[in-house]
Amino acid sequence: MLINIVIIDDHQLFREGVKRILEFESSFKVVAEGSDGVDAVSLVEEHSPDVVLMDINMPKLNGVEATGQLLEKYPDTKVIILSIHDDEMYVSHALKTGALGYMLKEMDADALIEAVKVVAKGGSYLHPKVTHNLVSEFRRLANEEHTSNAYQQVEIRRPYHLLTKRECEVLQLLADGCSNRTIGEELYISEKTVKNHVSNILQKMSVNDRTQAVVTAIKKGWVEVR
């Protein structure tokens, strides 16, 4: 299936770099580019893309505002926010507005390609560092509900009834905010093997994406937030 993509970013060199990465995938086609949120609305109307890559900081209309306007008119639009900010406030605002992805501009090519594929299918995809920050905040808020003064560590019970030992290790590293490449280096396995483990984890946990897997694991006490 061909995935049509619109790129919105006010820095031309970055935009061209992203386009060049995407064009390595035969299933991707960049159908249009724009430099601000105003362009985004008109280009989506003209091209009806499957995925919009949207810079968060732009003149005239920023990425989050543009996402809100897009989804109001075209609710099926799938948006991935591109940002330099990993603060959970930025991430939460973007996700509440309706973005399905949030990627830091320090991302590697493989992560960008994976994010587009996941979001195009209706899943969500967050940069590993962003996932870790959100999970840490989730744990902090959860602990505040149990104690007003001291940090209370939830007892960790690895889900060996559901996942293999290696899959549990991969799940923990996902919660730590590691990319597939970093997980491979940590466990001395190939990146392809990591991807296979992640796919098995998602299937066994009955979740659609990595973010859901990590949040579920946190709620159940299957991983540590370190």
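The values are calculated or read from the model by the stated rules, or taken from the named source; none is laboratory data. Everything numeric in this text was worked out from a predicted model, so none of it was measured. Note that each Cβ is placed from the backbone with ideal geometry, even for glycine, and that neighbours are counted across all protein chains shown. To get the accessible areas, we keep the full protein, side chains included, count just its heavy atoms, and leave off ligands, DNA and RNA. Shrake-Rupley method; radii C 1.70, N 1.55, O 1.52, S 1.80 Å.
Taken over region 178-218, the criterion of being touching a residue at least 60 places away in the same chain (Cβ under 8 Å) and of a type outside the set (D, E) is satisfied by S179, N180, R181, N208, R210, T211, Q212, V214, V215, I218. Annotation note: of K219, K195, the sole residue that is of a type in the set (K, R), more than 15 Å from the chain's Cα centre (by Cα) and either within 18 Å of Y125 (Cα to Cα) or surrounded by 15 or more Cβ atoms within 10 Å (Cβ to Cβ) (or both) is K195. For region 95-134, a residue qualifies if it is buried (at least 19 other Cβ atoms within 10 Å of the Cβ), in contact with a Ser or Thr (Cβ under 7 Å, 6 or more places away or on another chain) and among the small types (G, A, S), and the qualifying residues are A99, G101, S124.
Every condition in (1) open to solvent by less than 30 Å² (accessible area, probe 1.4 Å); (2) touching a His at 6+ places or on another chain (Cβ under 7 Å); (3) closer than 20 Å to S92 by Cα is met by D176 except one, and the failing one is (1). Taking every residue in region 55-82 that is acidic (D, E) and pairing it with any residue that is open to solvent by 10 Å² or more (accessible area, probe 1.4 Å) and assigned to a helix (DSSP H, G or I), at least 6 positions away or on another chain, the pairs with Cβ-Cβ distances below 9 Å are D55/F14; D55/R15; E65/T97. Here S83 passes the criteria (1) modelled with pLDDT under 90; (2) in contact with a Gly (Cβ under 8 Å, 6 or more places away or on another chain); (3) more than 17 Å from I5 (Cβ to Cβ) except the one numbered (1). Every test in (1) modelled with pLDDT of 90 or more; (2) open to solvent by less than 80 Å² (accessible area, probe 1.4 Å); (3) under 18 Å from A120 (Cα atoms); (4) over 19 Å from the mean Cα position of the chain (by Cα) is passed by E23 save one, and that test is (2).
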